[in-house]
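S.K.: My questions all concern the structure below.
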Amino acid sequence: MSERIVVVGGGFSGSGVARRLEKLLPDADIRLVCPDDFMLYLPLLPQVAAGLLPAPAAVVSLSHGLRRTVLVPGRATGVDLDARRVLVRSITGHDEALAYDRLVLAPGSVTKVMDIPGLREYGRGCKTLAEAAYLRDHVLAQLEVANTSDDPEERARRCRFVVVGGGYAGVETAANLQLMTTALARRFPRLDPAMVQWHVVQHHDGLMPGLGERLGEDTRRVLESRGVHVDLGISLTAADDESVTLSDGRRLATSTLIWTAGVSPSPLVSHLGLDTDHGRLVVGADLSVPGRPEVFALGDAAAAPDLATGNGAVCPPTAQHATRQAPVAAENVAASLAGRPTREYRHRDLGMVVDLGGSDAVAKPFGIDLSGGVAAAVTKAYHLWAIRAPATMTRVASNWVLGALHGASAVRLGFLTGASGRLAEFEHTDDYLGPTQVREAIARL
Ligand SMILES: Cc1cc2nc3c(=O)[nH]c(=O)nc-3n(C[C@H](O)[C@H](O)[C@H](O)COP(=O)(O)OP(=O)(O)OC[C@H]3O[C@@H](n4cnc5c(N)ncnc54)[C@H](O)[C@@H]3O)c2cc1C
């Protein structure tokens, strides 16, 4: 019988594992469990939200890159580690159990939602493709409604946008959407671009602290030169339909709270009964789970030792690590099946790139601080190189050219007619089951 390998998650890490396994184990039965039929290139999500890229341009089709892997459209809700079975809730709503000889867990992370009154109900995320598309519709709708309103308070509220979280995702989202809304306001006869107010609220005392003080300051200067309010050392304390309240006591009238204050590992891994580190599954340097040599984990969901730093740290949750861990995990799955020794994952960080929209960016390739036009060129070139799939690369590049010639696409797609698109509706974090519940659910099948 051929070996059964179940991979959970079709993102940077999971899709990479399946691709490499197809080459290494031509006879294996490989199943990839994923609710989506694409690999999402998350660094481009802010550009989807800002209308610079259509949603399908930011993804790589899973069926395009994978030939022999069976795609299981659903979500793993739990694992019976002793019986070696994964419980899967299909996108049609029925449950099935998948038996495995080797399990690879790569479910990534979800938006970290804190216990702040009103956040879950009124916050909007930018972590999934659907959220980015909903966010774009919502922001455009605010300007359109403000344009027709005769109530000055409502006009000001709808033209104010608050982004909480001054890390990479929050900065890119605010920077790109601010350019789109300011340009769009010029096209509305009853709006003035000066009415459009963007706020970035960051609890830390600098933007994107991982990039160092200088690039954080450069970023703040770019944002403030465009009129964005940057509030450092401040956090969100409450939100409702028409306002946010901040830790310095201010209450800002707004209809848009965008929440980008970090990610937490997929709740799947904390339901396994295994050791976790800040919610990430503890794995060894070969990405296998201690005491469970048939289980591997990688990407945002795994706390893999960062051997390149030599200081006992774990790899940060970045696409850079997830992509490079994938071939190592696949090779170690194959080695463990063949009874060969596994190898360790080691990668020296290449740095980060941050697109601030237009011709602005900051980047830190190989530890060198870059900003302005050079950083913008490096950022665009890096994304095109990192996408690797020729069809997606071409879609992204051609949309950038279109955007430079004609501006962002600023039409709503009609998503908001049936749903609100708020944080509470995405990511299904309440679906997961512990070991006993999984066993009972599988027994009922
Ligand atoms: C806006 C934004 C910008 C970013 N920019 C950068 C950047 O510039 N550079 C960088 O290095 N990193 C960046 N990151 C971080 C990077 O995207 C992540 O580190 C990377 O996606 C992690 O890869 P992964 O495979 O672990 O998870 P993901 O890529 O998130 O993939 C997880 C997959 O698992 C699926 N899944 C989830 N739960 C289940 C389940 N229960 N069952 C089955 N499937 C499941 C998901 O649908 C998804 O397909 C950014 C993140 C965001 C949000």
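The values are calculated or read from the model by the stated rules, or taken from the named source; none is laboratory data. Fair warning: this is a prediction, and the values are worked out from it, not measured in the lab. Cβ: placed from backbone, ideal geometry, glycine included. Neighbour counts: every protein chain shown. Just the protein is used for accessible areas: all its heavy atoms, side chains included, with ligands, DNA and RNA removed. Shrake-Rupley method; radii C 1.70, N 1.55, O 1.52, S 1.80 Å.
S.K.: Which one, 252, 350, 222, is farthest towards the positive end of the dipole of the chain when Lys and Arg carry +1 and Asp and Glu -1 on their Cβ?
M.R.: Going by the Cα projections, it comes out as 350.
S.K.: Could you give the C-alpha radius of gyration of the range 323-433 expressed as a fraction of 2.2 N^0.38 Å, taking N as the number of residues it contains?
M.R.: Working: Rg = 20.4 Å, N = 111, 2.2 N^0.38 = 13.2 Å.
Working it through for the range 323-433, the quotient is 1.55.
S.K.: Next question. Quote the Stokes-Einstein diffusion coefficient, in whole µm² s⁻¹, for the range 113-261, based on the Kirkwood radius over alpha carbon pairs, a temperature of 20 °C and a viscosity of 1.002 mPa s. Mind dumping the intermediate values first?
M.R.: Details: Rh = 15.4 Å.
So the translational diffusion coefficient is about 139 µm²/s.
S.K.: Give me the distance between the Cα centres of the range 242-292 and the range 60-138, rounded to whole Å.
M.R.: A separation of 15 Å, based on Cα centres.
S.K.: Relative to the Cα centre, what is the charge dipole magnitude of the range 245-340, using +1 at the beta carbon of each Lys and Arg, -1 at the beta carbon of each Asp and Glu, and rounding to the nearest 20 debye? Please list the in-between numbers first.
M.R.: Values: 6 positive and 8 negative charges, 54 e Å.
In debye, rounded to 20, the range 245-340 gives about 260.
S.K.: A further question follows. Taking the Cα centre of the range 113-261 as origin, work out the dipole magnitude from +1 charges on Lys and Arg Cβ and -1 charges on Asp and Glu Cβ, in debye rounded to 20. Before the final figure, lay out each step's value.
M.R.: Details: 17 positive and 21 negative charges, 83 e Å.
I would put it at about 400 debye.
S.K.: In whole angstrom, note down how far apart the Cα centers of the range 321-371 and the range 4-47 are.
M.R.: 16 Å
S.K.: Can you give the translational diffusion coefficient of the chain in µm²/s, computed by Stokes-Einstein from the Kirkwood radius over Cα pairs at 20 °C and 1.002 mPa s? Provide the component values of the computation, followed by the final result.
M.R.: Values: Rh = 22.8 Å.
Using the Kirkwood radius from Cα pairs, D works out to 94 µm²/s.
S.K.: While we're looking at this one, here's another question. Helix-only estimate, please: 222 nm mean residue ellipticity of the chain, summing -39500 (n - 2.57) across DSSP H runs of length 4 or more and dividing by its residues, to the nearest 500.
M.R.: Values: 13 runs with 151 residues, N = 445.
Estimated from H runs of four or more residues: -10500 deg cm²/dmol.
S.K.: Run a plain Debye calculation on the range 1-128 (Cα atoms as equal point scatterers, no solvent) and give log10 I(q)/I(0) at q = 0.09, 0.12, 0.15, 0.17 Å⁻¹, rounded to two decimals, same order as the q list.
M.R.: Once normalised to I(0) and log-transformed, intensities are -0.31, -0.54, -0.78, -0.94.
S.K.: The range 148-210: D in µm²/s via Stokes-Einstein (Kirkwood Rh, Cα pairs, 4 °C, 1.567 mPa s)? Don't jump to the answer; show the numbers that get you there.
M.R.: Values: Rh = 12.7 Å.
Calculated translational D: 102 µm²/s.
S.K.: Extending each Cα 7 Å along its Cβ direction at residue 253 and residue 114, get the distance between those two points in nm, one decimal.
M.R.: Modelled inter-label distance: 2.7 nm.
S.K.: When only C-alpha pairs under 8 Å and at least 6 residues apart count, what is the relative contact order of the range 113-261, in percent?
M.R.: Details: 269 pairs, mean separation 48.8, N = 149.
The normalised contact order for the range 113-261 reaches 33 percent.
S.K.: With only alpha-carbon atoms counted, please give the Rg and Dmax of the range 76-129, in Å.
M.R.: 15.8, 45
S.K.: Still on this structure, please answer the following. Full-extension gain between residue 424 and residue 214, please, as 0.36 nm times their residue separation minus the C-alpha to C-alpha distance. Provide the component values of the computation, followed by the final result.
M.R.: Working: separation 210, 0.36 × 210 = 75.60 nm, distance 3.61 nm.
Extra length from residue 424 to residue 214 when fully extended: 72.0 nm.
S.K.: Counting other C-beta atoms within 10 Å, and keeping those with at most 15, which DSSP coil GluC sites (Glu not before Pro) do you find in the range 217-310?
M.R.: Numbers: sites: 217, 224, 242, 294; in loops: 242.
Sites meeting the loop and neighbour criteria: 242.
S.K.: Let me see the pair-distance distribution of the range 265-344: every alpha carbon pair, 5 Å bin width, integer percents in order.
M.R.: 3, 17, 27, 25, 18, 8, 1
S.K.: Taking only the alpha-carbon atoms of the range 111-176, what semi-axes of the equivalent ellipsoid follow from 5 times the gyration tensor eigenvalues under a square root, in whole Å, largest first? It would help to have the intermediate numbers written out before the result.
M.R.: Details: eigenvalues 107, 41, 27 Å².
Three semi-axes, in Å: 23, 14, 12.
S.K.: Using a simple charge model, +1 on the beta-carbon of Lys and Arg, -1 on the beta-carbon of Asp and Glu, nothing else, what dipole does the chain show about its Cα centre, in debye to the nearest 20?
M.R.: Working: 45 positive and 49 negative charges, 226 e Å.
Roughly 1080 debye, rounded to the nearest 20.
S.K.: Of the accessible area of the range 113-261, with the probe set at 1.4 angstrom, what percent is carbon plus sulfur?
M.R.: Values: 2930 of 5920 Å².
Reported share for carbon and sulfur atoms: 50 percent.
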